[in-house]
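Below: one structure, written as structure tokens.
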Amino acid sequence: MWKGAVAMVIFGVMLVWLQYPRAVSQQEYLDHIKDKVVVLCGASSGIGEQLAYKLGEQGAQIMIVARTQSKLEKVKEGAIAAGAKRVEIFPYDFSNVEESGSVIDRAVEVFGKIDYLVLNHAAMVSGFVSSNARHQETAFIKRMYNINTFSFFELTFKALPYLEKSGGHIIATSSMAGETPTSFSNIYTSTKHAVNGFFYSLQQELIARKSSVGITIGALGFIQTDDLTAVLGDDGIEIFPAFARGDVRECAKGMMNSLIVRPRTFTYPWTSNKMQRLLWFINPYYHEMINGQLPLEKAEELLKNFKERAQERDFQKGNF
């Protein structure tokens, strides 16, 4: 019995590492990124900001989208300095789902086409839903789903005809929270499960139709952005082992490479997320062991500190 279990684990580990993403050549960047039109949502900070700079380095044309005009102006300057052929700004709050298609309309109006759509915007909230009245409010839950889920759907529906013409690609930024449960971000986790269900199903539909459009789902873990690092503080960061902390610039480069390689899933940080996925497959209750290592009182203290630091920095986690 135990020999079979060991063999399964070894096979799983080999399968995981055999899927490690390949390198991308400079010629591929020239062929697939230079002069291409990228609609990049959630570009005002973090991964989206760094992705704008990476795309700029390869001479892409980019429309960057997020709520805050001043932050987008800063990112535009950085992307142009990096070498972007053209950068347009479109301030938009994705909690307004009904009008989100205007993002695609504007991109087509300005550039005449769309080659790539990157859905990177998100609102993240932490806390225990069973003891937080606000997290139980229908209006709050709807807003979270509008930003994290329904706007992804609307943008995809609107962009698909243009992407069919260009043989384009979609990256839907999700999370490992969309694959395994977490005890401190219930609503966020549920939105990412919905994203995974929709885009993996659409991915298979497009394959069955022999469509020229590809989809990559970003299975991201903890990415150490500047803002999030400052707000979490040392006590929050230390929860994550060093190998489980993703570098924001490396993550952005991996996402850009996914536009070329077109994997079904982009997993980052690679080692920790693959281990998490494998453990979940072998033992669906393993997360209860993880939760047991962080007492409830400690978790509540960390969440309280997170909220206080966020208020001090006038920081709201989200680049939508």
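The values are calculated or read from the model by the stated rules, or taken from the named source; none is laboratory data. Fair warning: this is a prediction, and the values are worked out from it, not measured in the lab. Positions of Cβ are backbone-derived with ideal geometry, glycine not excepted, and every protein chain shown enters the neighbour counts. Quick note on the areas: whole protein, heavy atoms, side chains included, nothing else; ligands and nucleic acids left out. Shrake-Rupley method; radii C 1.70, N 1.55, O 1.52, S 1.80 Å.
Numbers below:
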read-out: Cross-link pairs beyond the 25 Å C-alpha cut-off, checked among 85/210; 85/192; 210/274; 34/74; value: 85/210; 85/192; 210/274
read-out: Gained length - residue 130 relative to residue 166, 0.36 nm times residue gap less alpha-carbon distance; value: 8.3 nm
read-out: Contour excess over end-to-end distance, with Cα ends at residue 275 and residue 109 and 0.36 nm allotted per residue; value: 55.3 nm
read-out: Cβ-derived FRET efficiency at R0 22 Å, residue 262 paired with residue 86, nearest 0.05; value: 0.35
read-out: Cα gyration tensor shape of segment 133-202, rounded if a/c is under 1.5, else prolate or oblate by comparing a/b with b/c; value: oblate
read-out: Rounded to the nearest 10 Å², the accessible area of residue 129 at probe 1.4 Å; value: 40
read-out: Interchain or long-range residues, amide H under 5 Å from residue 171's placed H; value: 117, 118, 119, 216
read-out: For segment 90-120 and segment 171-230, distance of Cα centres in Å; value: 19
read-out: Spin-label zone in segment 139-154 - amide nitrogen under 17 Å from a point set 7 Å from the Cα of residue 211 along the C-beta vector; value: 150-154
read-out: Segment 96-221: proportion of alpha-carbon pairs further apart than 25 angstrom, %; value: 29
read-out: Karplus (6.51, -1.76, 1.60) ³J(HN,Hα), θ = phi - 60°, over segment 38-53, in Hz, Gly and Pro reported as x; value: 10, 8, 10, 8, x, 9, 7, 6, x, 4, x, 4, 5, 5, 4, 5
read-out: Gyration tensor (alpha-carbon) shape descriptor, segment 65-129, a/c threshold 1.5; value: oblate
read-out: Efficiency of FRET between residue 240 and residue 26 - r from beta-carbon atoms, R0 25 angstrom, step 0.05; value: 0.15
